[in-house]
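Read through the structure below, which is laid out as structure tokens, and then see the notes.
Bear in mind these aren't lab numbers, they're just calculated from the coordinates by the rules spelled out. Everything quoted here is computed from the prediction, not taken from an experiment.
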Amino acid sequence: MKKGITIVLDKPRTLRYGMNALAKIEDITGKSILSLDLNKVGIKDLLGIVYGGLYHEDKTLTPEKVGDLIDEYSDLATIAEKIGKALTLAFGKSDKEVDQGEN
């Protein structure tokens, strides 16, 4: 099972991007996961990426609910940072390499 990155919203949740999550993101965004540029991602795509990464642990979530959780409990800069770390783990970097990228 792919490791994930903890993000605190209404409760601690884990962003994890295994194959099913990546496929879900492609379905939602209509784009190949490899073509998504996280530096130029729109809000709809951002919601799809977060939703896809959280869906594994809470099947009741919707992209709209994820948006509400972000609005209430976090901010876009934090979300973008956590997505970057979780996707880095998904594509084969170790936890240590992800943590070293924080410096």
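Over segment 34-80, one equal point on each Cα, no solvent: what is log10 I(q)/I(0) by the Debye formula at q = 0.22, 0.31 Å⁻¹?
For segment 34-80, the Cα-only Debye profile gives -0.78, -1.26.
If I stretch the segment between N20 and D58 completely, what's the gain in nm (0.36 nm per residue apart, minus their alpha carbon distance), one decimal?
Working: separation 38, 0.36 × 38 = 13.68 nm, distance 1.38 nm.
In short, 12.3 nm is gained.
Normalise the Cα radius of gyration of the chain by 2.2 N^0.38 Å (N = residues in it) and let me know the number.
Ratio of Rg to 2.2 N^0.38 Å for the chain: 0.98.
So what is the calculated 222 nm ellipticity per residue for the chain, using -39500 (n - 2.57) for each DSSP H run with n of 4 or more, over all residues, to the nearest 500 deg cm²/dmol? Intermediate values should be presented prior to the final figure.
Working: 5 runs with 55 residues, N = 103.
That calculation yields -16000 deg cm²/dmol at 222 nm.
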